[in-house]
Amino acid sequence: MTTILQFREVAASYGPYRALFNVDLDVAPGEVVVLLGANGAGKSTVARVASGLVRASSGTVTFKDAPIGHSAAALAKDGLVHINEGRAIFSSLTVEDNLRVVKAKGSRSQAKRRIDDLFDVFPALLPMRDRKAEYLSGGEQRQLSLMKTLLLQPELLIADEFSLGLSPEATGRLVEHLQLLKEQGAAMVLIESRVGPLVQLAERGVVLARGRTLMSGTVQEAVATFSSLHEHPGTQSAS
């Protein structure tokens, strides 16, 4: 397996609206790729196609050398986890119970240790273990959603604006935890609309504009290209 995720000339649409145009993307096992682009450039559509939430209208998408199915739950069981900008939590359950219902890998004691480790990453939630999620603030709900995702220990993590809504301190701890996942061999696609702390985790960068792959290269090259788009905003548009 030379790639864990591969796009070849992928196009995708929402009804008559074309969102992606012949996008190519390669992610090797254990590799971290940052996908940069302005809001509306097509980044989230790439994530949705990769995780089976949106069907490609043409081209091929493979995960671990097999064609992508169209069940996000089945893909998650196979090791591909997509976390988007929203919050995937059960508001009627406590923080602790939200974490316990996650079907984490390994034994129950191993899952408990991982939960304890994640409370070290997000210590603000520790005194709220017995509080119902509906009573958490928006930022606290975001942190709980992240904890649930990280408990799954994905082989490939697709993170759409992963640090959105987190404080600088929580973002710093998140970077440290993702670094540990990286060292354990997890591949990641980090989708960002700005050059933030998570970019430092990546080996390669891809820039999208108008639903097309504008460039693919080193992180430094991608950041330079992305920054030039912001300096000359007329060169990009929503897609």
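Numbers for the structure displayed
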item	result
Any hit, segment 54-74, residues being surrounded by 20 or more Cβ atoms within 10 Å (Cβ to Cβ), aromatic (F, W, Y), modelled with pLDDT of 90 or more and not in a helix (DSSP H, G or I)	yes
Test for A88: is it within 27 Å of L229 (Cα to Cα), at pLDDT below 95 and assigned to a loop (DSSP other than H, G, I, E, B)	no
Residues within segment 20-37 that are assigned to a loop (DSSP other than H, G, I, E, B) and under 12 Å from the mean Cα position of the chain (by Cα), tallied	0
Subset tally (residues that are more than 28 Å from L136 (Cβ to Cβ), among the acidic types (D, E) and touching a residue at least 12 places away in the same chain (Cβ under 8 Å)) for segment 166-225	2
Test: residue in segment 95-115 that is crowded, with 18+ Cβ neighbours inside 10 Å, over 30 Å from G37 (Cα atoms), modelled with pLDDT of 90 or more and not hydrophobic (A, V, I, L, M, F, W, C)	yes
Unique residue being under 22 Å from V101 (Cα atoms), surrounded by fewer than 23 Cβ atoms within 10 Å (Cβ to Cβ) and among the β-branched types (V, I, T) when the list is T225, T149	T149
Filter result (under 18 Å from the mean Cα position of the chain (by Cα) and assigned to a helix (DSSP H, G or I)) within segment 133-161	G139, Q141, R142, Q143, L144, S145, L146, M147, K148, T149, L150, L151
Residue match in segment 38-48 (condition: closer than 17 Å to T3 by Cβ, buried (at least 20 other Cβ atoms within 10 Å of the Cβ) and of a type in the set (S, T, Y))	no
Segment 179-193 - residue that is of a type in the set (D, E, K, R) and outside any strand (DSSP E or B) and, of those, surrounded by the most Cβ atoms within 10 Å (Cβ to Cβ)	K182
Filter result for V219 (modelled with pLDDT of 90 or more, surrounded by 18 or more Cβ atoms within 10 Å (Cβ to Cβ) and aliphatic (A, V, I, L, M))	yes
Boolean, G40 is free of Cβ contacts under 8 Å to residues at least 40 places away in the same chain, assigned to a loop (DSSP other than H, G, I, E, B) and closer than 19 Å to N84 by Cα	no
Qualifying residues in segment 202-216 (those that are part of a strand (DSSP E or B) and among the small types (G, A, S)) - the one surrounded by the most Cβ atoms within 10 Å (Cβ to Cβ)	G205
Residue among D130, D78 that alone is surrounded by fewer than 21 Cβ atoms within 10 Å (Cβ to Cβ), more than 19 Å from the chain's Cα centre (by Cα) and of a type in the set (D, E)	D130
Any hit, segment 5-14, residues being among the charged types (D, E, K, R) and touching a strand residue (DSSP E or B) at 6+ places or on another chain (Cβ under 6 Å)	yes
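The values are calculated or read from the model by the stated rules, or taken from the named source; none is laboratory data. None of these values were measured; they are calculated from a predicted model. Using ideal geometry, Cβ is built from the backbone for each residue, glycine included, and neighbour counts are taken over all protein chains shown.
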